[in-house]
């Protein structure tokens, strides 16, 4: 796709991947603790675990390779 897109604009493309961080994968028990704490502090209606998987690099993965943990997002979007 990169090659053809570049060619369409009179250019060329070289794609390479460098793996710098391992995947950030939450530990199940830690995820449950974070979810429960969020519900207790913010109300069950304000906590969602239905988000899409995120394929981003994150150095927090190095910590979770040594100690179980949970990486999560806090959102402050107000509907309307």
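Rule-based calculations on the coordinates, nothing more; no lab input. These numbers were taken from a predicted model, which means no experiment stands behind them.
Can you give the extra length, in nm with one decimal, that the chain gains between residue 67 and residue 9 once fully stretched, where that is 0.36 nm per residue apart less the Cα-Cα distance? Intermediate values should be presented prior to the final figure.
Working: separation 58, 0.36 × 58 = 20.88 nm, distance 4.80 nm.
Computed gain between residue 67 and residue 9 is 16.1 nm.
Length gain on complete extension for the stretch residue 76 to residue 42, per 0.36 nm per residue less the alpha carbon to alpha carbon distance?
Values: separation 34, 0.36 × 34 = 12.24 nm, distance 1.16 nm.
Gain on extension, residue 76 to residue 42, equals 11.1 nm.
Against the longest principal axis of the chain, how steep is helix 28-42, in degrees 0 to 90 to the nearest 10, with axes from Cα atoms?
Relative to the chain, helix 28-42 is tipped by roughly 60 degrees.
If you wrap the chain's Cα atoms in a convex hull and average its projection over all directions, what's the area in nm²?
Working: hull surface 35.6 nm².
The orientation-averaged projected area of the Cα hull of the chain comes to 8.9 nm².
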